[in-house]
Amino acid sequence: MEQPNGIGITSENKLIVSQTNETDWQWFEWDIHQNGTIGQKRELLNVSGLISGNGLPDGLDIDQDDNIWASAPGGLLIFRLISNPSTLTLTLPYLC
């Protein structure tokens, strides 16, 4: 990754890393295996070009319910990873 600027671990042992700059606003995830290694990188969310305003997304935090919080133009970007054995789905991100 060229410019990671936020990192967190969910309760389901997923490593979440943001990579945001002037043009790319992306969040990625990796499974953390029991032996401490990580799996393949997957794009979790990409809002590049979808949100406008002053400022850039920066950093992240993960709360006790695995909601992912990041600053964004005009407020906060909040999204949640919902997983089961065969599917990964995201709730819609929103600004508040």
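Odds and ends about this structure:
- Residue, nearest to the chain's Cα centre (by Cα), within the range 10-41, restricted to residues that are among the β-branched types (V, I, T) and loosely packed, with under 12 Cβ neighbours inside 10 Å: T23
- Every residue from the range 1-21 that is under 21 Å from W69 (Cβ atoms) and outside any strand (DSSP E or B): M1, Q3, T10, S11, E12, N13, N21
- Residue within the range 61-83 that is within 10 Å of the chain's Cα centre (by Cα) and at pLDDT 90 or above present: yes
- Filtered by the rule that a residue be in a strand (DSSP E or B) and surrounded by 14 or more Cβ atoms within 10 Å (Cβ to Cβ), the range 42-57 gives L44, L45.
- Scanning the range 58-83 for residues that are in a strand (DSSP E or B), more than 16 Å from Q26 (Cα to Cα) and among the small types (G, A, S) gives G75, S83.
- Close pairs (6 angstrom Cβ cut-off, 6 or more residues apart or separate chains): more than 15 Å from N46 (Cβ to Cβ) in the range 1-16, part of a loop (DSSP other than H, G, I, E, B) anywhere: T10/D66; S11/D66
- Of all residues in the range 40-52, those that are within 17 Å of K14 (Cβ to Cβ) have Cβ atoms under 9 Å from Cβ atoms of residues that are aliphatic (A, V, I, L, M) and exposed (fewer than 12 other Cβ atoms within 10 Å of the Cβ), 6 or more apart or on another chain, in K41/M1.
The values are calculated or read from the model by the stated rules, or taken from the named source; none is laboratory data. What you see is a predicted model; the values in this text were computed from it and never measured. Neighbour counts run over all protein chains shown; Cβ positions are idealised from the backbone, glycine included.
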